[in-house]
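The block underneath contains the structure these notes are about, expressed in structure tokens.
Only the coordinates and a few stated rules stand behind these numbers; no lab work does. The structure presented is a predicted model; accordingly, all values stated were derived computationally and were not measured. FYI the Cβ positions are ideal-geometry reconstructions off the backbone, even for glycines, and counts take in every protein chain you see.
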Ligand code: TXA
Ligand code: MG
């Protein structure tokens, strides 16, 4: 059985219930500013194993540990360079995950056996209240089944996990909408493993230096595997100018085609029968709004029972890097 709470009403009681569930090794889905997380007590290996079972996720894929504040950083990580403290103070609470050398107390179940751990302080008030009341670390991946689109509202979590989670805290829709930026600061030079809510430009401003690309022997983050974040429909990345021609070819073959476009749709000539097999999914032009709406749009492709989705990539500056990364993965080109 799982319950949920509307944002605001009785949030304190819900948090107390959530903490009781977490203390006895249960699973609680909670909102963050990026996507909803599926949380368990990061110090309890049995509880952490339940996360993998609920998601159907391979157990060697490491989890992020969520903390209540910067001051907890060295309870979980060691050998923390000064610039990392600076990054944490600048971007936490917020959508930045730092990969650091782990302390021995971090269970292997959390790190998948790696000698590093991912840490972040989320910016959502309900997540922070939960973390402060729990007074420990919460291991939490995105609250979706393995390989599926991350949930950005409580209803998505319910659709993904149903009774596999003991409680869903409802904090409304997520403000950022794509996952945190993962920055590996455990090696010689910091490297972005996954673009996300904090942009490369923002990080470079603090680091005062250009960021290197990840080394080829860096641990593979599963979020970096092709076919992650994928709807069931086939996804093709298409330039705006080629979209209608491609849509027409597919629709004339009898396929139902979703067209994901930023800004307004374009005109299908009147009287064209194939136009009836087109499903328009409009995304906002503004990049922050597009990131926020992205996963809902990907879900709507399947809801509309489309066979094929044609999508245009944004420019890769700023938040565009995270949006383009997720779209490439949806297209199996991670
Ligand atoms: O925004 C987010 O980061 C969300 C919210 C819930 O916080 N969480 C999230 O978790 O996206 P998940 O498990 O879906 O993705 C975490 C990524 C995975 O790709 C994992 O491989 C990587 O972080 N990761 C975790 N620990 C790592 C480590 N020690 N070294 C390298 N990658 C790591
Ligand atoms: Mg995920």
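Relative to the first principal axis of the alpha-carbon coordinates of the chain, what is the inclination of helix 82-91, with its axis defined by its Cα atoms, in degrees from 0 to 90 and to the nearest 10?
With both axes taken from Cα atoms, the answer is about 60 degrees.
Grab the Cα-Cα distance for residue 86 and residue 253, subtract it from 0.36 nm times how many residues apart they are, and report the gain in nm with one decimal. Don't skip to the end; give the middle numbers.
Working: separation 167, 0.36 × 167 = 60.12 nm, distance 5.59 nm.
Working it through step by step, the gained length comes to 54.5 nm.
Once you have the Cα-Cα distance between residue 316 and residue 303, take 0.36 nm times their residue separation minus that, and quote the gain in nm to one decimal. Write down the numbers at each step before the final one.
On the way: separation 13, 0.36 × 13 = 4.68 nm, distance 2.82 nm.
Full extension from residue 316 to residue 303 adds 1.9 nm.
How would you rank 265-271, 325-331, 17-23, 68-74, highest first, on the average number of other Cβ atoms within 10 Å across their residues? Intermediate values should be presented prior to the final figure.
Working: 265-271: 9.7, 325-331: 22.3, 17-23: 19.3, 68-74: 15.9.
Put in order of decreasing packing, that is 325-331, 17-23, 68-74, 265-271.
I'm checking a number: the convex hull volume of the Cα atoms of the chain, normalised per residue, in Å³. What is it? Each step should come with its number before you reach the end.
Numbers: hull volume 44.4 nm³, N = 334.
So the per-residue Cα hull volume is 133 Å³.
Most exposed first by the Cβ proxy, i.e. fewest other Cβ within 10 Å, how do 111, 245, 152 rank? Present the calculation step by step, with values, prior to reporting the outcome.
Working: 111 20, 245 10, 152 27.
Arranged by neighbour count, lowest to highest, 111, 245, 152 become 245, 111, 152.
Between residue 101 and residue 24, what is the spin-label point distance in nm, taking each point 7 Å from the Cα along the Cα→C-beta axis?
4.0 nm
If you wrap the stretch 45-135's Cα atoms in a convex hull and average its projection over all directions, what's the area in nm²?
Details: hull surface 23.8 nm².
Reported value for the Cα convex hull: 5.9 nm².
Please determine, in degrees from 0 to 90 and to the nearest 10, the orientation of helix 45-55 with respect to the longest principal axis defined by the Cα atoms of the chain, where the helix direction is its Cα long axis.
Taking the Cα atoms of the chain, the angle to 45-55 is about 10 degrees.
Do the sum for the chain: with -39,500 (n - 2.57) for every DSSP H run of n ≥ 4, divided by all residues, what is the mean residue ellipticity at 222 nm, to the nearest 500 deg cm²/dmol? Write down the numbers at each step before the final one.
Values: 11 runs with 106 residues, N = 334.
After summing the helix terms and dividing by residue count, I get -9000 deg cm²/dmol.
May I ask for the angle, rounded to the nearest 10°, between helix 125-134 and the longest principal axis of the chain, with both axes built from Cα atoms and the value confined to 0 to 90°?
Here the helix axis deviates by roughly 30 degrees.
Where does each of 103-110, 197-204, 179-186 land if you order them by average Cβ count within 10 Å, highest first? Before the final figure, lay out each step's value.
Working: 103-110: 17.0, 197-204: 18.9, 179-186: 24.5.
Packing order, densest peptide first, comes out as 179-186, 197-204, 103-110.
Return 306, 153 ranked ascending by Cβ neighbour count within 10 Å, so the fewest neighbours appear first.
Numbers: 306 24, 153 19.
Fewest-to-most ranking of 306, 153: 153, 306.
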